[in-house]
Every structure is written in C-alpha cells, then in structure tokens.
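Undergrad: One structure follows; several queries about it will come next.
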Amino acid sequence: MKKILRLDQLTTKLSRRAMLGGAATAAVAIVQTAQGKTVQESVSITELLPDDPTKKVGTLAGEVGTRSSFEKVVKKPSDISSRSPLQDFYGIITPSDLHFERHHAGVPVIDPTKHELLIHGLVDKPLVFTVADLKRFPSVSRIAFLECSGNFRTGKETMSPQDICGLTSQSEWTGVKLSTLFREVGVKPSASWFLAEGGDAAVMTRSIPVKKGWDDAIIAYAQNGEALRPEQGYPVRLFLPGWEGNTSVKWLRRIELGDAPWHTREETSKYTESIKGGKIRQFSFDIDARSIITFPAYPKTVERGWIEIRGLAWSGRGKVARVEVSTDAGKSWQLATLQDPILDKAHTAFRYLWNWNGAETEIMSRVTDETGYIQPTFAQLIEARGPDGGYHFNPIAAWQIKSDGRVLNRPER
C-alpha cells in the first residue's frame, strides 16, 4: 500500500469547477511504498483533496514554506529579464522570488566565503572586505523600490500591469552603509565619483557620484529578512535608493574612487536617452514619479456598481504626495486615498471607490511627488524628448472599461 507524503507541485492549473466536479486532475506527489521507499508519482487530485479537510491530518512542517498549489503567481521571463506580476500583489512588499530580474550575462554562482569587495583609488587606505567583514559593521535596513530605467512597454490592448511596467519591485534591503566603508578607507576630498564593478560575466560597471555614496547608498547582503537571492546579487550588491536599477550593481566586487566618471559602455552606448534637438541625456539617475492602476486592469473583468480602484505610486526623488484618479478619460480628477506607510523612495498603495454605471469609459491615475513633480502624459513626454525617448518613460497609463465589463490597456503609439 502506498502512502502519500506531500504534494510537490500541480502540473495542471485547477479550476473551482473541476475540483467540485471531482475531475482527476494530474499532480505530482511524494509517495511512500510498502517497502518504505519514497518516490515521485503521478496521482489524481481526488487522492489529495479530502471531502472534509478536518478529517485528515495535513502536511507536516517542512524546511521551506511554499505557496498553496491553488495560487498561480509567476514572473514573465525573457532572455534578459522577467517582470513582477504587479496586479497579483497584496500590499507594497514584493515576495523575493517574484522580484523582477534584469541581467546582462546571466546569474553567476558565487561562493560567499571566497567573495571579496575591494575599495581603492583616491583613498587613504585601500582595503579588501570579505562578506563576513561586511556583516561585522553596524547594519541598516530600509524599504525601497528598485526599477529598471527601461520600465515601459505599450502597443497592445492585451497588456497587464506586469507587461506595461513590471520591471519594478520593492523589498526591505539590509546591509552596511557605504558611507561607513568610505570612512574606513578614508575617501580623499578630491574624489567626486566612484566606479562600481560587478562580478558577473558582463563585469557590469557604472560611474556614481560620491555624494550618493555618502548619502543613502547601501552595500546590501540581505533582502526581506533572508540573504539576497542569487538573481538579486548574492552575496552582496550595491543598492542606490531611488536611482535607476542598473546603477545598483549586483554581485559587487570592486569600488574605485576617482575625480571623474569613467564613461563605461553601460553609461555611453546603453543607459542614455534621446531628447529634442538631437541631444543625448546622460547620467539621468533619478527615477521619475510614476503610478499605475493594478485593479481593475487587464485581464480582469468587472460588473457595474461599486468598484475599489487600487494601484501603486512611487518616486525616486522622495515620498508620494498625492495620487489622483480619473474615471472619465482624464476630463476630471479626484484624490485617491494613500495607504500607510508612505515611505521615502518607496511604492505607496492607493485606493479610490468608484460607482461604475456600466457606460464605456477610461480610468487612469497620476501621481505628484513631494518635489511637486507631476506624472506626465505620453504626449508630453514625446513633446519633450521626441519619438525615440527610450529610457525613463513614465507616462500616465489608462485602462479601457468596456460596456461588457472587459478591461483592456489603452495602447500608446
């Protein structure tokens, strides 16, 4: 006789109708044979779902917790990135395994006992820090977002918040202040820039003003209460709150202090953007204020009556001051309620209660940050930068509400 020990993973998405109908949906379980051996075996879902859960002992405690097999929440991967499912989140913290990814040469495998961080250049005392050394310094933690400067896509009605701007996520980051290490090595007054270098196959490098290092930069070794995930820079990464994601160099192995930027590949041919007059904007570090409605949004449908509009807003220059919502295609705007906590350089949740009468319309949100900056429209961005704006595109995003309740993206072209 075989004994089912635990459900490993569902291989087919379950619907409520299928479960109630007793469909024999396939699953993979860890089973124990009569001889005491444990093997993986396909079983029907009816073997795993008792009629009354109170009449059967459940799965015992394990080494690592998992999501319910009924919850299907995933990132959308490509060759170089994967996007966070913003529409599926509750609250403002992104689960570590659903944090967006952006890599330039894949994820390296690094032994933390052999990894070192060298700080040299215009300093009094060049030093090499092991990971253990870094953890001996006083630690700091802060909740802040991280966002890729290329975080915007459009062009189709069938796009979700994840598709449009899923290259942003938020975590609690823990590590040592870079300013603490600057004091250890004795940064010279003539140093105005530093070069951050990663330990991946791309040897990702970015020039950063020293002022940011003294301000709020962190050498992070933990995220959301655990060690950094490899995809997020394990064992250590640079984290620059509010700045474009590529500057927060992962798998950090070297910092060199200097008196001018290095003009590396990533800050010349890559992370620059066009503006009007045939010019190129370089070193545009700050992430501009942005918001997006995450419900209702594609692929959801709605029914007429009261709907709680929900979304996220953020700014790389400080706190969110207010969010406004329009339910009539931008003709009028109403203040949304901001949900605490409202943190510096962090995702902030907003809500607005709307009584939909069933007529076709468009809904959208716009944020104003504490500097007074107001999130622009797509047309305003094109006017300022030309048709090839590229990075740092943060336009107001709109959702079409159809009379039959379908919710579609309003594509910008």
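The values are calculated or read from the model by the stated rules, or taken from the named source; none is laboratory data. Note that the coordinates shown come from a computational prediction; the quantities given were computed from them, not determined experimentally. Backbone-built Cβ (ideal geometry, glycine too); neighbour counts: all protein chains shown. When the accessible area is computed, the model is the full protein with side chains, heavy atoms only, and any ligands, DNA or RNA have been set aside. Shrake-Rupley method; radii C 1.70, N 1.55, O 1.52, S 1.80 Å.
Undergrad: With r defined as the distance between the Cβ atoms of ALA105 and LEU49 and R0 fixed at 45 Å, what FRET efficiency is calculated, to the nearest 0.05?
TA: Values: r = 44 Å, r/R0 = 0.98.
It comes to 0.55.
Undergrad: Mind sorting out which of (1) 1.02; (2) 0.94; (3) 0.99 is the real Rg/Rh (Cα atoms, Kirkwood Rh) computed from the coordinates?
TA: Working out Rg/Rh (Cα atoms, Kirkwood Rh) from the coordinates points to (1).
Undergrad: Nearest 500 deg cm²/dmol is fine: what mean residue ellipticity at 222 nm does the chain get from its DSSP H runs of n ≥ 4 alone, each adding -39,500 (n - 2.57), divided by its residue count?
TA: Value at 222 nm, helices only, nearest 500: -2500 deg cm²/dmol.
Undergrad: From Cα pairs below 8 angstrom and at least 6 apart in sequence, can you work out the relative contact order of the range 136-231, rounded to a whole percent?
TA: Once divided by the residue count of the range 136-231, the mean separation gives 29 percent.
Undergrad: Can you give the relative contact order of the chain as a percent, counting alpha carbon pairs under 8 Å and 6+ residues apart?
TA: 14 percent
Undergrad: Moving to a separate point now. Using +1 at the C-beta of Lys and Arg and -1 at the C-beta of Asp and Glu, which of TRP354, PRO395, GLY65 has the Cα lying farthest in the positive direction of the dipole of the chain?
TA: Sorting the options by dipole projection puts first GLY65.
Undergrad: For LYS76, what accessible area in Å² do you get when you roll a 1.4 Å probe over the heavy atoms of the protein chains, rounding to the nearest 10?
TA: 90 Å²
Undergrad: Give the relative contact order (percent, whole number) for the range 81-281; include only Cα pairs under 8 Å separated by 6+ residues. Before the final figure, lay out the partial values.
TA: Details: 423 pairs, mean separation 50.8, N = 201.
Worked out over the range 81-281, it gives 25 percent.
Undergrad: Expected output is a single nm value to one decimal: the length gained when fully extending between ARG183 and ALA61, i.e. 0.36 nm times separation in residues minus the C-alpha distance. What is it?
TA: Extra length from ARG183 to ALA61 when fully extended: 39.3 nm.
Undergrad: Any of LYS188/LYS279; LYS72/LYS319; LYS177/LYS211 with alpha carbons more than 22 Å apart? Name them for me. Kindly include the intermediate steps, with their values, before the conclusion.
TA: Numbers: LYS188/LYS279 34 Å; LYS72/LYS319 32 Å; LYS177/LYS211 13 Å.
Beyond 22 Å between Cα atoms: LYS188/LYS279; LYS72/LYS319.
Undergrad: Under a point spin-label approximation (7 Å from Cα along Cα-to-Cβ), what is the ALA132-ALA329 distance to one decimal in nm?
TA: My value for the distance between the label points is 6.7 nm.
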